[in-house]
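This report refers to the structure that appears directly beneath it.
The values are calculated or read from the model by the stated rules, or taken from the named source; none is laboratory data. Only a predicted model underlies this, so the values are computations on that prediction, with no experimental measurement involved. Don't worry about glycine lacking a Cβ; one is built from the backbone with ideal geometry, like all the others, and counts go over all protein chains shown.
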Amino acid sequence: MKFQEITEKEYRTFWETHPLKTFLSAPEISKLRDKQGWDTVYVGVKENDKIIAATMLLSHIRHFNKKEFYSPRGYLLDFNNTELVTFFTNELKKYIKERNGYIFRVDPYLIYRERDLDGNIVEDGVDNRGVVKHLEELGFKKVPIKDTEQVIWMFSLGLDGKDEETILKEMKPNTRNQIKKTEKFGITVNEIGYDELDRFQKIMVETGARKGFKVRNIEYFQEMYKLFHDKNEVKYFITELNLKKYVEGLLKEKEEKQAKLDSLTDAKYNDGAKKNLTNEMAAIDKRVEESETIMKETGKEIITLSGSMFMLIQPEIIYLSSGNYEEYMKFNSQYLIQWELIKYGIKNGFKKHNFYGIPANINEHPKDYGIYEFKRGFNGYVEELIGEYELPISPLYYKLIKLVHKIRG
């Protein structure tokens, strides 16, 4: 085996077919990081002139002129091949030390232990505790989940071998009903181009302010578009509702219910049906009034409800970012946009629809448990990755810089 720098072309060819491939380990991400002050090289291991391990290696200068090195979603190799993992790690340590590095971080796209819909461990399922043990034996230290850069806990829905009817049938009844309602409302899901990304950004900013999370600037979304869109690997969507048509549909629905009510006799056994129809018409009246108020206040017949960003790199579609206007959340448009992308995934041969981040330790019902509940409604399974690890290259500077970060808070 021989450790060496490889070309971006060599790395991309290897990445394209690797089972641990994801968008964060794509060469395009290095272009994004370059603009943020990171340098990039590609390194790998060759055996008989064939690459058997590789990673994208990013670096930038931190304190005391020392460099931090990071492999997003690296390594790309067979983690069960302990000889290869050991060789690659040891060679990387030497490589990084020679280039004034003090730390190496890595967060493999590798499942820790297989879990089910409820986050329970699947007995006899995928189990990579041995991989974690080996990494720790090599000197890697696990980063607390609150300090990790990338998502560790995810929720996914398998698409392989399934059709739309089956997936819809396997959803939770409430999720299925919400999808049908959004379709009935006439909500549309529209892909937007580069020149409209400010609309998406505006939604994200409003959502971030409401929920207390930091939102990336417009340049990030624009750069991701430029890097991935030509290959159809990123898509931005806006959901919209034509309120005038929505009201017309509601009034038609009310007429149908009124006709049904008028057809019922005064027999005692019809009392329940009459009450239900009366309540349903009252609910329609309320929705009509709300819609007319929105049109009057905004001066618009068509309103924007939500926005979403998806990464589409085989074998999975990743629901990466999204936001909603709070006053229009009652229309539940995010149910529809997920369904549209699930259908897209089935049609285009994707194996998985990845709803992406959920809270860690969901069985403890953390404050943002609702995120998991929303995604869980589509059916699927919880995925816990093995996590982020850091390898001290220079123990002295590793401890010193850790102390600096602690003092600075």
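Among the candidates D271, D266, D285, the residue that is closer than 24 Å to K184 by Cβ, charged (D, E, K, R) and surrounded by fewer than 16 Cβ atoms within 10 Å (Cβ to Cβ) is uniquely D285. Is it the case that some residue within segment 115-122 is over 30 Å from I29 (Cα atoms), touching a strand residue (DSSP E or B) at 6+ places or on another chain (Cβ under 9 Å), among the polar types (S, T, N, Q) and surrounded by fewer than 16 Cβ atoms within 10 Å (Cβ to Cβ)? Yes: segment 115-122 contains one or more residues that are over 30 Å from I29 (Cα atoms), touching a strand residue (DSSP E or B) at 6+ places or on another chain (Cβ under 9 Å), among the polar types (S, T, N, Q) and surrounded by fewer than 16 Cβ atoms within 10 Å (Cβ to Cβ). Scanning segment 179-197 for residues that are within 21 Å of the chain's Cα centre (by Cα), surrounded by 13 or more Cβ atoms within 10 Å (Cβ to Cβ) and either part of a helix (DSSP H, G or I) or free of Cβ contacts under 8 Å to residues at least 12 places away in the same chain (or both) gives I179, L197. State which residue is modelled with the lowest pLDDT when the search covers only segment 355-409 and only residues that are under 26 Å from G74 (Cα atoms) and among the hydroxyl-bearing types (S, T, Y). Looking at the filtered set, the residue picked out is Y398.
Scanning segment 123-133 for residues that are more than 16 Å from L20 (Cβ to Cβ) and surrounded by 13 or more Cβ atoms within 10 Å (Cβ to Cβ) gives a single hit, D127. Every test in (1) under 21 Å from E383 (Cβ atoms); (2) touching a residue at least 60 places away in the same chain (Cβ under 8 Å); (3) in the same structural domain as N348 (by TED's automatic domain parsing) is passed by G161 save one, and that test is (2).
Note down all Cβ pairs under 7 Å where the first residue falls in segment 1-23 and is surrounded by 15 or more Cβ atoms within 10 Å (Cβ to Cβ), the second is assigned to a loop (DSSP other than H, G, I, E, B) and small (G, A, S), and they're at least six residues apart or on different chains. Matching pairs, first to second residue: W15/A26. In segment 106-123, what residues are of a type in the set (A, V, I, L, M, F, W, C) and either assigned to a loop (DSSP other than H, G, I, E, B) or in contact (Cβ under 8 Å) with a residue 40 or more places away in the chain (or both)? Matches in segment 106-123: V106, L110, I111, L117, V122. Of all residues in segment 124-140, those that are modelled with pLDDT of 95 or more have Cβ atoms under 7 Å from Cβ atoms of residues that are of a type in the set (A, V, I, L, M, F, W, C) and assigned to a helix (DSSP H, G or I), 6 or more apart or on another chain, in H134/V85.
For segment 32-73, taking the residues that are basic (K, R) and surrounded by fewer than 14 Cβ atoms within 10 Å (Cβ to Cβ), the one that is nearest to F221 (Cα to Cα) is identified as K35. Taking the residues in segment 205-240 that are hydrophobic (A, V, I, L, M, F, W, C) and either outside the structural domain of G193 (by TED's automatic domain parsing) or assigned to a helix (DSSP H, G or I) (or both) as candidates, determine which candidate is farthest from F23 (Cα to Cα). In this case the residue turns out to be A209.
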